[in-house]
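Step one of this worksheet: look at the structure below.
Each reported figure results from applying straightforward, stated rules to the coordinates on display, with no laboratory input. Note that the structure is predicted; figures quoted are calculated from it, not measured. Glycine also receives a Cβ, built like all others from the backbone with ideal geometry; neighbour counts cover every protein chain displayed.
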Amino acid sequence: MAVNADIPRSSFWAVEAWRGLAALMVLWAHWGPPLHWPMGPMAFAFTGVDLFFVLSGFVFAPVVMAGHAPALKAYVIRRIARIYPAYLIALALYAWLAWHAGKPLLYLPEHLLMAQMQSREMVFYYNPVFWSLPSEVAFYAAIPFLAWWLGKNCSVRWPWVFILALSLRLILIYPADGSVQNLAYISLHHIPGLLIEFLLGIVVWQHSQQPVSTRYIWLSWLISVLGWLMLAAIFIEMERLSGGSYWKNGQLGLIAAVFFALALWASLALPPPSPGGKLWLYGVWSGKLSYAVYLLHIAWLKPAQALVNAWGVLAGSALALTGLGVSCWLLHMLVEDPARTVGRRLAKRVQARYKSTSGSHL
């Protein structure tokens, strides 16, 4: 089985399995209340998005910390091929659903350019989960510059990058105003505020190759799980005290990202399951389908509600999840994976041509 070229081979299974878990958490956060699923701590499952950000930081850590900027053209081709084709299909689907429901097709240019993070109405207009994609793309855009700036001075400059990112997150919380969605509020939910969560993934990568004793691995697991459950309890209580959903309560996601980073580090220290086994296949395919699940699960919410009303919670949910799984598999096999393959081939050609041209001038 081909390894995702963005993921270190030794970490492939763990990262894919975590991606699958992150997608499941986001799905549960959106499907749980309307489908009458048990919630409890899963009311905090929206932090699956924060887990995605940590995983992205880990995956791109070798590029950021390489000591030089990546070949820009090849890098851009791969990033566009990886994220945009599947997103374009999903956007077309949600635009059609909006048109079918009689909604005007507003903000399409912004969504086509992944520049929809300008207001809550704009970013939520077609699919609420689209809010995180501009931040992901902005991180992709920042990577070449960050890698170039760190250069050979990574050990000296890296701590300052981390301190700056953490400071930005904390500084933005006070002036941010969700009622008017001012610049500080938008920035808090974009790269200035979210960069620290990506950087946490880079920290995990920095420490993932160091030997560690088994007791520290299990202690890290225990701290991360109990820490996340504690945060979930705090979040639920804060929501109760504030009388409903309040955006500042979501800032617990930063602490959740710390626990996710700790759990990711602990999982990387454990041996992966045997390749080809059931656990291996489950982890790999949950990761492969995670982006499609993230994109499509909101489109399946109304059909899922209808199925639950007709068949009951268990049977209706199972049918809806089956339909979602099939649609995600089709999107992956027909669009996402072929586009990624083409992008890699084009990137290799561009990089080879660049090396050949550079060599001719030596």
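Quick notes on this structure:
- Between the stretch 179-193 and the stretch 50-97, the Cα center-to-center distance that results, in Å: 22 Å
- Burial ranking of peptide ranges 16-28, 125-137, 263-275 (average Cβ count within 10 Å, highest at the top): 16-28, 125-137, 263-275
- Applying a length cut-off of 30 Å (Cα extent along the axis) and a mean Kyte-Doolittle floor of 0.5 to the DSSP H helices of the chain leaves 12-35, 72-100, 214-242.
- Average silhouette area of the chain, convex hull of alpha-carbon atoms, in square nanometres: 20.4 nm²
- Packing-based ranking, highest mean first, of 102-112, 45-55 given that Cβ atoms within 10 Å are counted: 45-55, 102-112
- Between the stretch 144-163 and the stretch 268-343, the C-alpha centres lie 37 angstrom from each other.
- Kirkwood Rh and Cα Rg combined as Rg over Rh, evaluated for the stretch 35-187: 1.01
- Order by protection proxy (mean Cβ within 10 Å, highest first), peptides 201-207, 317-323: 201-207, 317-323
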